[in-house]
Amino acid sequence: MNKDLSIEFCGVKCENPFFLSSSVVGSNYDMCAKALEMGWAGVVFKTIGFYIPSEVSPRFDVIGKENTPFMGFKNMEQISDHPLEQNLKWLKKLKENYPSKVIVASIMGENEDEWTELARLVTRTGADIIECNFSCPQMTSEAMGADVGQNPELVKKYCQATRRGTNLPILSKMTPNLGDMIIPAIASIEGGADAIAAINTVKSITRVDLDALTPFPIINGKSAVSGYSGKAVKPIALRFINELAQNKRLENVPISGMGGIETWSDAVEFILLGASNIQITTAIMQYGYRIIDDLISGLSLYMEENGFEKLDELVGMALKNIVTADKLDRTYVIYPKFNKDICVGCGRCYISCYDGGHQAIKWNSENREVSLIKKNCVGCHLCINVCPVNAISSGEKIYK
Ligand SMILES: Cc1cc2nc3c(=O)[nH]c(=O)nc-3n(C[C@H](O)[C@H](O)[C@H](O)COP(=O)(O)O)c2cc1C
């Protein structure tokens, strides 16, 4: 039986931490209703605004590696291309038909008046939370998107404008296309936001077609920089979540985490770094809403096995173990240990250590066996990372 995964986010009770993130996966009533029926606790509806974009075809590209065809995903979509009236009706109907679920309205305006009016309109639909999208990197209007999120004055001004139109909790959605997310995050809170959502997509060019001499996706011979998401961006997202959670000026500000979450264990990593809410798009585009079953049962089992009764006990548990690089213990070396019974003699550890390490592995070409040259080994563990059959593990630890 699954554990109680309920958690409060921005003062709103959520039956579990899993929400659709604002995107194509939640862009009309039927899609959101299906996801909610299948067990998602909430939906962040596709960003809506007065501006109705015209979209390109095709609009996606994917990057794979070896057996993983879908490592990173590039999209060129802007905000909802449905009429505002229609979107508002869908939001209202969702709240009416799913009162115990959490409905988040994502909005984007072009000026202060629009932000206030959008906030007012979505509040009237009965939505529980408003998310301000300051972070879509492929908007065709300069007054909207990721470039707004890079400007703390605008972020603060638009949060204030949103606050004028609503009493609902406000989530400010950050762009990762900057060096220091703390600056716009603090500006958001000063402007009246209650919580931070991170990350939106990373500005990218995924691949260039070598014949057409144009990046993908190719639209009538041209392409453009646009947002990257999925598994490949998870390390970038986790870095930002950690920084938000560790910052003293953002203490007790709830965080909704997203970026590359596919499995329950990805989600736990975000929670351990301080996120109390989880949002997902790209994995749903690849596998469908049904991943919620794995997310719920995996998280439940993890809590059971590790003796956690309530989900909020996990939030931020790993933060104490993240320090700045100057505080790491640099007094020892851990040598690799080779397991001859598992080794297939491929020589990859030897090649990597010689060409990309410290020439600390000796290769016997007659019996294809490796051995360690201890005096050269610095304990970097490149060999452990490249071994395709897990025949190398951590061994003896010596103090320098
Ligand atoms: C096709 C597509 C459309 C998106 N549309 C929006 C949007 O309308 N509003 C928004 O805030 N984020 C949008 N996003 C960003 C996602 O909500 C999310 O922040 C990002 O993709 C990272 O999460 P993921 O790796 O789980 O996809 C979109 C992402 C994709 C892939």
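The values are calculated or read from the model by the stated rules, or taken from the named source; none is laboratory data. This structure is a prediction, so every number in the text was calculated from the model and none was measured. Cβ sites come from the backbone with ideal geometry, for glycine too, and all protein chains shown count toward neighbours. The accessibility values were calculated without ligands, DNA or RNA, using every heavy atom of the protein model including side chains. Shrake-Rupley method; radii C 1.70, N 1.55, O 1.52, S 1.80 Å.
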Open item on the list: Checking Asp293 against (1) within 30 Å of Arg59 (Cβ to Cβ); (2) more than 16 Å from the ligand (Cβ to nearest atom); (3) open to solvent by less than 70 Å² (accessible area, probe 1.4 Å); (4) not hydroxyl-bearing (Ser, Thr, Tyr): exactly one of these is not met. Which one?
Closed with: (3)
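From the list Glu117, Glu85, Glu142, Glu131, exactly one residue is charged (D, E, K, R), within 15 Å of the ligand (Cβ to nearest atom) and out of contact with any His (no Cβ under 7 Å at 6 or more places or on another chain). Which is it? Please lay out each step first, then the result.
On the way: Glu117 fails: within 15 Å of the ligand (Cβ to nearest atom); Glu85 fails: within 15 Å of the ligand (Cβ to nearest atom); Glu142 fails: within 15 Å of the ligand (Cβ to nearest atom).
Being charged (D, E, K, R), within 15 Å of the ligand (Cβ to nearest atom) and out of contact with any His (no Cβ under 7 Å at 6 or more places or on another chain) holds for just one of Glu117, Glu85, Glu142, Glu131, which is Glu131.
May I ask you to verify whether Thr263 is of a type in the set (Val, Ile, Thr), within 26 Å of Ser135 (Cα to Cα), buried (at least 16 other Cβ atoms within 10 Å of the Cβ) and within 16 Å of the ligand (Cβ to nearest atom)?
Numbers: of a type in the set (Val, Ile, Thr): yes; within 26 Å of Ser135 (Cα to Cα): yes; buried (at least 16 other Cβ atoms within 10 Å of the Cβ): no; within 16 Å of the ligand (Cβ to nearest atom): yes.
No: the conditions fail for Thr263.
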Task: Filter result (of a type in the set (A, V, I, L, M, F, W, C), in a helix (DSSP H, G or I) and open to solvent by 30 Å² or more (accessible area, probe 1.4 Å)) within the stretch 193-249 - done: Ala232, Ile236, Ala245
TODO: Could you please find all residues in the stretch 62-89 being at pLDDT 90 or above and either closer than 25 Å to Lys222 by Cα or of a type in the set (Val, Ile, Thr) (or both)?
DONE: Met71, Gly72, Phe73, Lys74, Asn75, Met76, Glu77, Gln78, Ile79, Ser80, Asp81
TODO: Check Pro69 against each of (1) within 11 Å of the ligand (Cβ to nearest atom); (2) not in a loop (DSSP other than H, G, I, E, B) and name the one condition it does not meet.
DONE: (1)
Open item on the list: Filter the stretch 107-132 down to the residues that are touching a strand residue (DSSP E or B) at 6+ places or on another chain (Cβ under 8 Å) and open to solvent by 10 Å² or more (accessible area, probe 1.4 Å) and list them by number.
Closed with: Thr123, Thr125, Gly126, Asp128
TODO: Return only the number of the condition from (1) open to solvent by 20 Å² or more (accessible area, probe 1.4 Å); (2) modelled with pLDDT of 95 or more; (3) within 15 Å of Asn133 (Cβ to Cβ) that Ser23 does not satisfy.
DONE: (1)
